[in-house]
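Just below is one structure, and these are the notes that go with it.
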Amino acid sequence: MATEGLHENETLASLKNEAESLKGKLEEERAKLHDKIPELQKEIELLQTQKLDVEKQAQSQKREMREKMSEVTKQLLESYDFEDVRSRLSTEDLEHLNEDGELWFAYEGLKKATRVLESHFQSQKENYEKEIEGLNLKVEHLSQDINHLQKLFREENDINDGIRLEVSRLTSENLVIPDLKQQVSELENQKLDLENRLQEQSAKLKEMSNRLHHEPEGDRTLRGTNEIQNETDIKEERLNVITQEMEGLSNGLKQDEVHAEVKSKMKQETTRLTVENMDLEEELDMKDRIIKKLEDQIKTLTKTIEKGDEIHVSALSKEYIGMMEYKREDEERIVQNLILDLKPRGVVVNTIPGLPAHILFMCVRYADYLNDADMLKSFINVTIDGIKQAVKENSEDFEMLSFWLSNTYYFLNCLKQYSGEEEFMKYNTPRQNKNCLKHFDLSEYRQVLSDLAIRIYHQFILVMENNIQHMIVPGMLEYESLQGISGLKPTGFRKRSSSIDDTDTYTMTSILQQLSYFYSTMCQNGLDSELLKQAVKQLFFLIGAVTLNSLFLRKDMCSCRKGMQIRCNISYLEEWLKDKNLQSSSAKETLEPLSQAAWLLQVKKITDDDAKEICEHCTSLSTVQIVKILNSYTPIDDFEKRVTPSFVRKVQAMLNNREDGPQLMLDTKYHFQVTFPFTPSPHDLEMIQVPSSFKLGFLTRV
């Protein structure tokens, strides 16, 4: 244990050193980034200004180009005398144009002007193309610089993210230290309780031995009582019984007979107490060893909190009465932290089942202790509304529904167990009966909580059914797990691409894995065993009903070999029940109709004796269902024969006297009525502690 403690100290020290070194690296990287960021920002601003300058220059050049073009056009227009042409092209001189050649002259002038404009445009175009190419090169260079800077930023961000992840990891590992401190405090509390109990027992035993010292006949037999460290209350009761027997004997017998009887009684009691003493000594030795181990762990884990030991011990020595003190304005915080924000996986694994429900009831006890009806009513209403909201927000979350079904059930049981009613108090210990409610009757709220638990249960069942229903037909009917059957198909049917050939997704193993997931989740959330059995029974009913309905609708599944397959799958389910110790859940009985249908597919269906045997065996199937299976029966090879119509009529005639309904299909939506049996909690409210993960530090344990 010492080496383990040293190893834990070394790992903690190495983690702290690693955290400090990473923090130093983080500071250095931040300083470097802090120095680089202004430079990079300046470079980006400079590139942006250069880009703007280039754009402005291009726009100014375009404007200059337009102005030059307009000027050249204006000059050409001004250099040509249009009025002269108009005068020469008058109606009177039109016939002389060709003779004088003036039209040709005008045409030649326009051609020259066009050539001048074309050459000017070409030169301007070439200049612009060169300028645009240069600008494109500059833009490309700027984009490359920007990409390079962005890459540097991404690298810096990746480094920062890595450092943050490492720091968060170290921080989460450092969070283990408060949990270790809490374990240390709990272990110290247990140690102090054991020491106090031993001291009280030794004191009472000394007092009892002094009181019995003056009795002459019992002096020799009671010398060994100082060594007995059993429960003193039980010993006192037994000694009182012996004293009463002594008094009764003294009235009816002589004095010597009384003394002889007393001696024999005392000898028997002494031998019995000696045996019990030996057993208790073994238990004490084992507890001493455990305490020694725990003390070694405490020494290794409490080096950092040695200064606060005295204060902590004084706080632990305080006696509690099993309440949680809270203020009226803290109701919303309690609901938020204990109901809405609490996740099943966030609850400490080693806590008692239904711990949130017990904490809520301790708050109810505090309001009852204050005799404040408004405070009590407000708290219970807020609690019920909080549970409803949590269930509504997580209506498809199986784990949350299981968790709050369990806690609602435990809260309801606490209201019954500590109600002060005789029918519930008889299951309590004397210490628990002291914690009963003093001022208020909460039977009306018990009914409200019962209705809420029923609603949660039905939603909880619905989610389980939705998660497993699509696996049932592929796993129970279509998947072939028996060797030698998979290659055989019923004769007279074509391939069914939608079902038989596409059943590799779900198998019988898939169904069993899903059932195991449901079972383990319910156990982890502390669901009562009786409720768990009812939930499993409902699931098995669904599996049997869906499989049987599909069998009625598919002739290709009504064969002898398919009956063997169904029987094999049923045996897997029964083995699962046995493995989970759920044989008493009556879930197996819900599969009886399917089991009888599988038997009916395998049995001979030829003679009158066969018909009689079918009628006697298939008691869970109706007449319509039996006839449907017989009519749908399809031989899987040439060695089997179809069921003859005469045999079917014979069976139907034998079943005419049976009183059953004409319904063929089973109701897969049928739900068994749920019951919430009273199961008293064995945990004393005085010993319940609130884990720090619940974030209820504003509550005071009273």
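The values are calculated or read from the model by the stated rules, or taken from the named source; none is laboratory data. Quick caveat, the model's predicted, so the values are computed rather than measured. FYI the Cβ positions are ideal-geometry reconstructions off the backbone, even for glycines, and counts take in every protein chain you see. For accessibility, only protein heavy atoms count, side chains too; no ligands or nucleic acids. Shrake-Rupley method; radii C 1.70, N 1.55, O 1.52, S 1.80 Å.
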Cα coordinate range in the range 339-389, projected on the principal axes (Å, largest first): 35, 23, 12
Roll a 1.4 Å probe over the protein heavy atoms and report the accessible area of E589 in Å², nearest 10. 120 Å²
At 10 °C and 1.306 mPa s, grab the translational diffusion coefficient of the range 532-621 from Stokes-Einstein with a Kirkwood Rh over Cα pairs, rounded to a whole number in µm² per second. 115 µm²/s
Give, rounded to the nearest 20 debye, the magnitude of the charge dipole that the range 574-615 has about its Cα centre when Lys and Arg contribute +1 at Cβ and Asp and Glu contribute -1 at Cβ. 100 debye
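Label the range 407-453 by shape, choosing from rounded, prolate and oblate, from the square roots a ≥ b ≥ c of the eigenvalues of the Cα gyration tensor; if a/c is under 1.5 it is rounded, and otherwise prolate applies when a/b is larger than b/c, oblate when it is not.
Details: a/c = 2.34, a/b = 1.67, b/c = 1.40.
Cα axes put the range 407-453 in the prolate bin.
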7 Å from Cα along Cα→Cβ at both E67 and E422: what's the point-to-point distance in nm? 11.5 nm
For the range 335-451, with only Lys/Arg (+1) and Asp/Glu (-1) charged at the beta-carbon, what is the dipole magnitude about the Cα centre, in debye rounded to 20? 420 debye
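With a 1.4 Å probe and every protein chain kept in, tell me what percent of the accessible surface of the range 516-642 is carbon plus sulfur. If you can, show how the numbers build up before the last one.
Values: 2530 of 5160 Å².
Using a 1.4 Å probe with all protein chains present, the range 516-642 comes out at 49 percent carbon and sulfur.
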Put a dot 7 Å past each Cα toward the Cβ at L284 and Q150; how far apart are the dots in nm? 7.9 nm
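Please go through the residue pairs K580/K604; K377/K533; K377/K438; K56/K138; K426/K695; K426/K537 and name each one whose alpha carbons sit more than 26 Å apart in this structure. Intermediate values should be presented prior to the final figure.
Numbers: K580/K604 35 Å; K377/K533 34 Å; K377/K438 15 Å; K56/K138 14 Å; K426/K695 35 Å; K426/K537 31 Å.
Over 26 Å apart, Cα to Cα: K580/K604; K377/K533; K426/K695; K426/K537.
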For a quick protection proxy, order the peptides 118-130, 354-366 by their average other-Cβ count within 10 Å, most packed first. 354-366, 118-130
Counting Lys and Arg as +1 and Asp and Glu as -1 over every other residue whose Cβ sits under 14 Å from the Cβ of E613, the net charge comes to 0
Take N631, project a point 7 Å from its Cα along the Cβ direction, then tell me which residues of the range 650-664 have their backbone nitrogen under 17 Å from it. 650-656, 661-664
So what is the accessible area of the range 585-702 per residue, in Å², with the probe set to 1.4 Å? 54 Å²
With r defined as the distance between the Cβ atoms of S378 and F672 and R0 fixed at 30 Å, what FRET efficiency is calculated, to the nearest 0.05? 0.25
Once phi for every residue in the range 579-585 is put through the Karplus expression 6.51 cos²θ - 1.76 cosθ + 1.60 (θ = phi - 60°), the whole-Hz ³J(HN,Hα) values, with Gly and Pro written as x, are 5, 8, 6, 10, 5, 7, 7
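Counting heavy atoms of the protein chains only and a 1.4 Å probe, report the per residue accessible area for the range 516-573 as a whole number of Å². Don't skip to the answer; put the middle values down first.
Working: 1620 Å² over 58 residues.
Accessible area per residue: 28 Å².
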For the residue pair K56 and Q199, what label-to-label distance in nm results when each label sits 7 Å from Cα along the Cα-to-beta-carbon direction? 9.0 nm
Kindly provide the chymotrypsin sites (Phe, Trp or Tyr not before Pro) of the range 525-565 that DSSP labels as loop, not H, G, I, E or B, and whose Cβ sees at most 14 other Cβ atoms within 10 Å. none
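Quick one: length gained pulling L340 to E186 fully straight, 0.36 nm per residue minus the C-alpha distance?
Values: separation 154, 0.36 × 154 = 55.44 nm, distance 2.74 nm.
Result for the pair: 52.7 nm of gain on full extension.
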Order of 688-695, 32-39 by packing, highest average Cβ count within 10 Å first? 688-695, 32-39
What full-extension length gain, to one decimal in nm, is calculated for K604 and L33 as 0.36 nm per residue of separation minus the Cα-Cα distance? 197.0 nm
